[in-house]
Amino acid sequence: MTERIRFDFGNLMASGVEGGVDASVLEGALADGFRDAHASVVARHKRGDLGFLDLPYAAETLSRVTELADGFAQWFEDVVVLGIGGSGLGATALKEALLGPFWNAMTDEERDHFPRLHVVDNPDPHTFRMLLDRLEPGRTLFNVVSKSGATAETMSQYLVARAWIEGAVDDDKVRGHFLFTTDPADGVLRQIGDAEGMPMLPVPPNVGGRFSVLSPVGLFPAAVCGVALDEILAGAGDMEQRCQTDEIAENPAGALAALLHYADTTDGRPIHVLMPYADRLRPVALWFQQLWAESLGKAVLLSGEERATGPTPLAALGATDQHSLLQLLMEGPQDKVVLFVDVDDPGAQVDIPSRHPGIPALAYLGGHSMGDLLNTERAATAEALRRGGRPNATLHLPRIGAHELGQLLMLFQIATVYAGAMYGVDPLNQPGVELSKRLTYGLMGREGSEVPEMPEPDPRWVL
């Protein structure tokens, strides 16, 4: 039987940490509030709003993604994903977790001749130029990911890549170097793809960017490198099934959302730190940071009332950030909750040799493994926080595999929409980023966009 991830929140409870949540509160007010949130989420799902909950069961999509991935994997040495926000973070999370940080440095044989994978999520000219200088146009595929096809950052990359390919291959071969992942019916990329006969994958209309990791947005880049998609989706489906109950004691996403919401709104702890103890999960923390921030940081409630609300997520990495953030977490303001991610099987056995027996500061390490050290540091950090009256919780993964990662990603997504219901906001929109987009369009001269008046820097405040 496939193992499930476990959510240990004992260090959030009054029985575990000073100032924690009393069991009667969890079983009473929090349980009642969660039932209301669960009912709201179920209703939105029935209305067709929460398409990400259906992705684990989208057999037709899985078949199409696999078909294209199998074909492209045979022809290309490098696959470049062009996408920003949810269109890049999810692909990066899957890549780093399941392929490992040195995938692109492996030999063809070590990669079983699957292509190298690059995710470019920022229009930094230096980064993009350096990447193109290291690729062979005739052996490179660009996966352009934009639901609207109007994302300025991604489309600028596409236009540069398009010219680069056109300058190196015959005209009739250009379209074979691009795959568009976009809206199934509308948008600029759909228009170009239909006109030029380019291969395309659909992003379901009811799946927003930051909830799209289990759609073709995240699945194609993983599949083209040989990742077993059925295992990812099976894990996600398992978590979705676990979270169908309105009993908070049986619903891990519900318990996570309710406890973090309580920490923010009742206990004055709006900063939620996600700290995995595995390098391969660092991009998952960054993916979660966008998911939690953009979904829950809203100024307008569903009721129409204007009231800035929402927590502030922070991505960290153990044990690295024990040497950068732990002092603040231990003795700084009492405004944080730390959520650790622990991995039972680190994926490699690296034993620490016994040397220098006369030096106590080194001798104790001998006979242990690096995995032992990492797991011990996580447990010690959690205990130190607990003793300091600093609430924390731990998600335990049996290993970093496709099934486990599918569970984790779905857990965070479901917890996000539960939290949205608890905060009284729409977790699916992002009105706060629209003004920046409109200003960018105007300043860059997009047709139909008003050119904004920008104040000149006040010389008094420029040094």
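The values are calculated or read from the model by the stated rules, or taken from the named source; none is laboratory data. This structure is a prediction, so every number in the text was calculated from the model and none was measured. Positions of Cβ are backbone-derived with ideal geometry, glycine not excepted, and every protein chain shown enters the neighbour counts.
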Odd one out for A222 among (1) in a helix (DSSP H, G or I); (2) touching a residue at least 24 places away in the same chain (Cβ under 8 Å); (3) more than 18 Å from G88 (Cα to Cα); (4) not charged (D, E, K, R): (3)
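Which of the residues that make up the range 234-272 are among the hydrophobic types (A, V, I, L, M, F, W, C), surrounded by fewer than 19 Cβ atoms within 10 Å (Cβ to Cβ) and over 16 Å from H38 (Cα atoms)?
Those that are among the hydrophobic types (A, V, I, L, M, F, W, C), surrounded by fewer than 19 Cβ atoms within 10 Å (Cβ to Cβ) and over 16 Å from H38 (Cα atoms): A234, I271.
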The one condition in (1) touching a Gly at 6+ places or on another chain (Cβ under 9 Å); (2) assigned to a loop (DSSP other than H, G, I, E, B); (3) among the charged types (D, E, K, R) that E453 fails to fulfil: (1)
Members of the range 95-121 that are surrounded by fewer than 11 Cβ atoms within 10 Å (Cβ to Cβ) and closer than 22 Å to P199 by Cα: none
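Go over the candidates L373, L411 one by one and state the one that is in contact with a Leu (Cβ under 8 Å, 6 or more places away or on another chain), assigned by TED's automatic domain parsing to the domain that holds R280, over 30 Å from G209 (Cβ atoms) and in a helix (DSSP H, G or I). Show your work before the answer.
On the way: L411 fails: over 30 Å from G209 (Cβ atoms).
Among L373, L411, only L373 is in contact with a Leu (Cβ under 8 Å, 6 or more places away or on another chain), assigned by TED's automatic domain parsing to the domain that holds R280, over 30 Å from G209 (Cβ atoms) and in a helix (DSSP H, G or I).
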Filter pass, D335 being surrounded by fewer than 19 Cβ atoms within 10 Å (Cβ to Cβ), of a type outside the set (K, R), under 18 Å from M275 (Cβ atoms) and in contact with a strand residue (DSSP E or B) (Cβ under 8 Å, 6 or more places away or on another chain): yes
Positions within the range 68-94 being surrounded by 23 or more Cβ atoms within 10 Å (Cβ to Cβ) and among the hydrophobic types (A, V, I, L, M, F, W, C), in sequence order: A69, V79, V80, V81, L82, L89, A91, A93, L94
Residue check for F7: within 28 Å of V207 (Cβ to Cβ), surrounded by fewer than 19 Cβ atoms within 10 Å (Cβ to Cβ) and aromatic (F, W, Y): yes
Options V17, V65: the member that is out of contact with any Phe, Trp or Tyr (no Cβ under 7 Å at 6 or more places or on another chain), surrounded by 15 or more Cβ atoms within 10 Å (Cβ to Cβ) and of a type in the set (A, V, I, L, M, F, W, C): V17
Flag if D230 is assigned to a helix (DSSP H, G or I), more than 24 Å from V417 (Cβ to Cβ) and either in contact (Cβ under 8 Å) with a residue 60 or more places away in the chain or under 16 Å from the mean Cα position of the chain (by Cα) (or both): yes
The one condition in (1) small (G, A, S); (2) touching a residue at least 40 places away in the same chain (Cβ under 8 Å); (3) exposed (fewer than 12 other Cβ atoms within 10 Å of the Cβ); (4) in contact with a strand residue (DSSP E or B) (Cβ under 7 Å, 6 or more places away or on another chain) that A315 fails to fulfil: (3)
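Of everything in the range 307-333 that's at pLDDT below 95 and not in a loop (DSSP other than H, G, I, E, B), which residue is farthest from N392 (Cα to Cα)?
Keep residues of the range 307-333 that are at pLDDT below 95, which gives 307-310.
Now drop any that are not not in a loop (DSSP other than H, G, I, E, B), which leaves 307-309.
Numbers: R307: 28, A308: 25, T309: 22 Å.
That would be R307.
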Of residues in the range 122-148 being part of a loop (DSSP other than H, G, I, E, B) and either without any contact (Cβ under 8 Å) to a residue 40 or more places away in the chain or at positive phi (or both), the one surrounded by the most Cβ atoms within 10 Å (Cβ to Cβ): P123
Matching residues in the range 286-306 - criterion: being in a helix (DSSP H, G or I) and surrounded by 21 or more Cβ atoms within 10 Å (Cβ to Cβ): W287, F288, L291, W292, E294, S295, L296
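Can V217 be described as farther than 12 Å from L408 by Cα, modelled with pLDDT of 95 or more and not in a helix (DSSP H, G or I)? Explain how you work it out, then say what you get.
Values: farther than 12 Å from L408 by Cα: yes; modelled with pLDDT of 95 or more: yes; not in a helix (DSSP H, G or I): no.
Answer is no for this residue.
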For L362: the one exception among (1) over 30 Å from T266 (Cα atoms); (2) in contact with a strand residue (DSSP E or B) (Cβ under 7 Å, 6 or more places away or on another chain); (3) free of Cβ contacts under 8 Å to residues at least 24 places away in the same chain; (4) in a helix (DSSP H, G or I): (2)
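From the list G19, G28, G33, which residue is at pLDDT below 95, farther than 23 Å from G406 by Cβ and of a type outside the set (V, I, T)? So that I can check it myself, show each step before the final result.
Numbers: G28 fails: at pLDDT below 95; G33 fails: at pLDDT below 95.
From the options G19, G28, G33, the qualifying one is G19.
Applying the selection to the range 403-433, what residues are among the hydroxyl-bearing types (S, T, Y) and either surrounded by fewer than 22 Cβ atoms within 10 Å (Cβ to Cβ) or within 19 Å of F7 (Cβ to Cβ) (or both)? Steps first, answer last, please.
From the range 403-433, those among the hydroxyl-bearing types (S, T, Y) are 416, 418, 423; that's our starting set.
Correct list: T416, Y418.
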Scope the range 177-222; condition touching a Ser or Thr at 6+ places or on another chain (Cβ under 6 Å), of a type in the set (G, A, S) and crowded, with 22+ Cβ neighbours inside 10 Å; matching residues: G209
Residues that are in contact with a helix residue (DSSP H, G or I) (Cβ under 8 Å, 6 or more places away or on another chain) and among the aliphatic types (A, V, I, L, M), drawn from the range 304-338: L314, A315, A316, L317, A319, L326, L329, M330, V337, V338
